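Here's the structure, in C-alpha cells; my notes come after.
The values are calculated or read from the model by the stated rules, or taken from the named source; none is laboratory data. Quantities reported herein were computed from a predicted structural model and do not represent experimental measurements. When we count neighbours, we look across all protein chains shown, and the Cβ atoms used for this are built from the backbone with ideal geometry, even at glycine. Please note that ligands, DNA and RNA were not included when accessible areas were found on the heavy atoms of the full protein model with its side chains. Shrake-Rupley method; radii C 1.70, N 1.55, O 1.52, S 1.80 Å.
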Amino acid sequence: MENVKVFSIIIAVFSVLSVESVGLKDLKTCNFGAVYNFGDSNSDTGGGSAAFWPAGKPCGETFFGRPVGRGCDGRLIIDFIAEYLGLPHLSPYLDSIGTSFRYGANFAIGGSTIRPQNESMSLNGVSPFSLDIQIVQFDQFKDRTGHFYNRSYPRHRRNLPRPEDFSKALYIFDIGQNDIAAGLRKKNDSAFHASVPDIVDQLAKAVQNLYEHGARTFWVHNTGPIGCLPVSLHYHDIKPEELDEQGCLKAQNAYSMEFNRQLKARVIKLREELPHAALTYVDIYAAKYELIGNAKKQGFVEAANICCGFHEDEIQVYCGHKQNINGTEIYAGSCENPSDFISWDGVHYTEAANRWVAHRIITGSFSDPPLPIKHACHKP
C-alpha cells in the first residue's frame with residue numbers, strides 16, 4: 001500500500017509538470033468512458049489465448065495467481081493504464097467467456113503486425129490478425145453492440161458499451177514490433193527501409209478509419225528497443241562492436257529508431273489531416289531504454305537476464321516449456337522473484353518492468369505533446 005501511495009504522488013507531480021510545460025494549467029480531466037486497444041503481445045490480455053492456444057503456467061503467477069492470457073507474470077502496460085483511468089482491465093474481443101465490454105475492448109493479439117505478412121503462426125509466430133483485421137473487428141463490434149444495446153432490456157445492457165461512449169473513448173495503438181522482427185528475419189536492410197513508409201501509412205489509415213466512425217482521442221505508442229530484448233542477445237553469436245553502451249544490438253535498434261522516426265512524422269501529419277482529433281505520440285522506446293540503462297539503480301538485475309525459461313550452455317527452452325536434454329527432462333520455469341527482473345521470457349517484460357514504464361508514460365513526460373494521459377483528449 002505504501003508503494004501505491006508513493007507511485008501516486010510521483011504520477012501527480014509529473015502530471016502537474018507536464019501540464020504546466022505546455023501552458024495548460026486549467027485543463028479539465030478527460031472523461032474516458034472506455035478504452036479500445038489495438039496491438040500485439042505487448043498489450044494482448046487474452047485474445048491470442050482465445051484464438052490459438054492458451055498461455056500456460058507460470059504466466060500470470062505474480063498478480064492473477066493463474067494464467068490469464070498475458071505473456072507476463074502479471075499485468076501489462078495496458079492494464080496499468082486502465083487502472084489509472086479508473087477502469088477495469090480490458091476484456092479481449094475474441095474471448096467468449098466471462099467478458100464485459102462496458103468499458104471498452106482489447107483487439108490486440110500476440111504476434112500481430114501492422115502490415116499483413118505472408119507468414120503464419122505455426123511457421124514463425126505471426127498472427128493472421130494484422131491491424132487491418134483488428135479494425136474490421138472493431139467496426140463490426142461497434143455496429144453489433146449498438147444494435148443489441150438499443151434493442152435490449154436494461155439488465156441485458158450491463159456488459160455492452162454505451163453507444164455514446166465511443167466518441168469519448170481513448171483509442172490506443174501498441175503495435176509494430178513484429179513488423180520490425182519480420183524485417184530482421186529477412187536480413188534485407190534496404191527492403192525493410194523501403195517498407196517502413198507503407199507500414200506507418202497503414203497505421204495512419206487505421207486511425208483515419210476510427211476517426212471517420214467518431215473516434216477523437218488517440219494514444220499511439222512507438223516500438224521499443226528490439227535490440228535490447230534478451231532473446232536477441234541469447235540466441236546470436238555477438239561481437240563486442242555490435243553492441244551499444246547498454247549492451248544492446250545497435251543494428252536491430254536502428255530498425256526500431258527508423259520506424260519510430262517515420263511513425264512520429266506520420267502522427268504529426270495526421271494532426272493536420274484530422275482537425276478534430278487529439279493525437280498523442282508516446283515514446284515507449286525512450287522509456288524502456290532508460291529503464292534498461294538504469295536497471296540496477298531501479299532495483300532490477302542486469303537487463304539481459306531472463307526470469308522465465310532455461311538458457312544455459314547454448315540450450316534454450318522457452319518459458320513454461322519442457323525439453324528432454326541428454327535423457328533429462330528440463331522444465332523452463334520462472335525465477336524466484338520476477339519483480340527483480342525486467343525481462344519475463346526474453347521477449348516480454350515482467351509486471352514490475354511494465355509498471356515502471358506505465359507510471360512514466362501516463363504522466364506525459366515521454367509524450368508529444370507532453371500531456372498526461374488523463375488530459376490526452378485536449379489539443380494544445
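Filter segment 103-151 for residues that are at pLDDT below 95 and β-branched (Val, Ile, Thr) and give the result.
Once the filter is applied, which keeps residues that are at pLDDT below 95 and β-branched (Val, Ile, Thr), segment 103-151 yields only Val126.
I need a count of the residues in segment 66-109 that are open to solvent by 10 Å² or more (accessible area, probe 1.4 Å), in contact with a His (Cβ under 9 Å, 6 or more places away or on another chain) and small (Gly, Ala, Ser).
1
Mind listing whichever residues of segment 232-250 are open to solvent by 40 Å² or more (accessible area, probe 1.4 Å) and modelled with pLDDT under 95?
Taking segment 232-250 first, the residues open to solvent by 40 Å² or more (accessible area, probe 1.4 Å) are 234-243, 245-246, 250.
Selection gives His234, Tyr235, His236, Asp237, Ile238, Lys239, Pro240.
Mind checking whether some residue in segment 183-199 is acidic (Asp, Glu), crowded, with 18+ Cβ neighbours inside 10 Å, out of contact with any Pro (no Cβ under 6 Å at 6 or more places or on another chain) and more than 21 Å from Ile373 (Cβ to Cβ)?
Restricting attention to segment 183-199, the residues satisfying the condition of being acidic (Asp, Glu) are 189, 198.
Then keep just the ones that are crowded, with 18+ Cβ neighbours inside 10 Å; that gives none.
Taking every residue of segment 183-199 in turn, none turns out to be acidic (Asp, Glu), crowded, with 18+ Cβ neighbours inside 10 Å, out of contact with any Pro (no Cβ under 6 Å at 6 or more places or on another chain) and more than 21 Å from Ile373 (Cβ to Cβ).
Taking segment 135-162 as the search range and keeping residues that are open to solvent by less than 50 Å² (accessible area, probe 1.4 Å) and free of Cβ contacts under 8 Å to residues at least 40 places away in the same chain, which one is farthest from Glu212 (Cα to Cα)?
Keep residues of segment 135-162 that are open to solvent by less than 50 Å² (accessible area, probe 1.4 Å), which gives 135, 137-139, 141, 145-146, 149, 152, 160-161.
Those still in the list that are free of Cβ contacts under 8 Å to residues at least 40 places away in the same chain too: 146, 149, 152.
Numbers: Gly146: 17, Tyr149: 21, Ser152: 27 Å.
If we take residues in segment 135-162 being open to solvent by less than 50 Å² (accessible area, probe 1.4 Å) and free of Cβ contacts under 8 Å to residues at least 40 places away in the same chain, then Ser152 is farthest from Glu212 (Cα to Cα).
Quick one: which of Lys25, Lys57 is modelled with pLDDT under 90 and of a type in the set (Lys, Arg)?
On the way: Lys57 fails: modelled with pLDDT under 90.
None of the others qualify; the one that does is Lys25.
Out of segment 288-313, which residues are in contact with a helix residue (DSSP H, G or I) (Cβ under 9 Å, 6 or more places away or on another chain) and open to solvent by 70 Å² or more (accessible area, probe 1.4 Å)?
Correct list: Glu290, Gln298.
Let me confirm something: among Leu203, Leu210, which residue is in contact with a strand residue (DSSP E or B) (Cβ under 6 Å, 6 or more places away or on another chain), in a helix (DSSP H, G or I) and open to solvent by less than 40 Å² (accessible area, probe 1.4 Å)? Outline the logic, then answer.
On the way: Leu203 fails: in contact with a strand residue (DSSP E or B) (Cβ under 6 Å, 6 or more places away or on another chain).
One residue alone meets the criteria, Leu210.
If you go through segment 291-314 one residue at a time, do you hit one that is at pLDDT 95 or above, part of a helix (DSSP H, G or I) and not small (Gly, Ala, Ser)?
There is at least one residue in segment 291-314 that is at pLDDT 95 or above, part of a helix (DSSP H, G or I) and not small (Gly, Ala, Ser).
Conditions tested, residue by residue: (1) closer than 21 Å to Asn222 by Cβ; (2) among the small types (Gly, Ala, Ser); (3) within 16 Å of the chain's Cα centre (by Cα).
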position: Gly48; (1), (2), (3): no, yes, yes
position: Phe80; (1), (2), (3): yes, no, yes
position: Ser112; (1), (2), (3): yes, yes, yes
position: Arg115; (1), (2), (3): yes, no, no
position: Ile133; (1), (2), (3): no, no, no
position: Gln140; (1), (2), (3): no, no, no
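Looking at Asn178 and the list (1) within 22 Å of the chain's Cα centre (by Cα); (2) open to solvent by 10 Å² or more (accessible area, probe 1.4 Å); (3) over 17 Å from Phe107 (Cβ atoms), which single condition is not satisfied?
(3)
So for segment 24-42 (the condition being over 20 Å from Phe366 (Cβ atoms), within 13 Å of the chain's Cα centre (by Cα) and surrounded by 19 or more Cβ atoms within 10 Å (Cβ to Cβ)), does at least one residue qualify?
yes
One residue is enough: does segment 214-223 have a residue meeting the conditions open to solvent by less than 30 Å² (accessible area, probe 1.4 Å), in contact with a Cys (Cβ under 8 Å, 6 or more places away or on another chain) and in contact (Cβ under 8 Å) with a residue 24 or more places away in the chain?
So the first thing to find is which residues in segment 214-223 are open to solvent by less than 30 Å² (accessible area, probe 1.4 Å), and the list is 214-215, 217-223.
Now narrow it down to the ones that are in contact with a Cys (Cβ under 8 Å, 6 or more places away or on another chain): 217.
From what's left, in contact (Cβ under 8 Å) with a residue 24 or more places away in the chain: 217.
Looking for residues that are open to solvent by less than 30 Å² (accessible area, probe 1.4 Å), in contact with a Cys (Cβ under 8 Å, 6 or more places away or on another chain) and in contact (Cβ under 8 Å) with a residue 24 or more places away in the chain, one finds at least one in segment 214-223, hence yes.
I'd like the residue in segment 324-373 that is assigned to a strand (DSSP E or B) and in contact (Cβ under 8 Å) with a residue 60 or more places away in the chain and, out of all such residues, is surrounded by the fewest Cβ atoms within 10 Å (Cβ to Cβ).
Within segment 324-373, the subset assigned to a strand (DSSP E or B) is 324-325, 328-331, 343, 349, 367-368.
Retained after the next criterion (residues that are in contact (Cβ under 8 Å) with a residue 60 or more places away in the chain): 343, 349, 367-368.
Details: Ser343: 27, Tyr349: 26, Ser367: 22, Asp368: 15.
So, considering only residues that are assigned to a strand (DSSP E or B) and in contact (Cβ under 8 Å) with a residue 60 or more places away in the chain, the one surrounded by the fewest Cβ atoms within 10 Å (Cβ to Cβ) is Asp368.
Can you find a residue in segment 224-231 that is under 19 Å from Ile78 (Cα atoms) and in contact (Cβ under 8 Å) with a residue 60 or more places away in the chain?
Among the residues of segment 224-231, at least one is under 19 Å from Ile78 (Cα atoms) and in contact (Cβ under 8 Å) with a residue 60 or more places away in the chain, which makes the answer yes.
Looking at segment 119-134 only, could you name the residues that are touching a helix residue (DSSP H, G or I) at 6+ places or on another chain (Cβ under 8 Å), open to solvent by less than 20 Å² (accessible area, probe 1.4 Å) and either more than 26 Å from Asp174 (Cβ to Cβ) or part of a loop (DSSP other than H, G, I, E, B) (or both)?
Val126, Ser127
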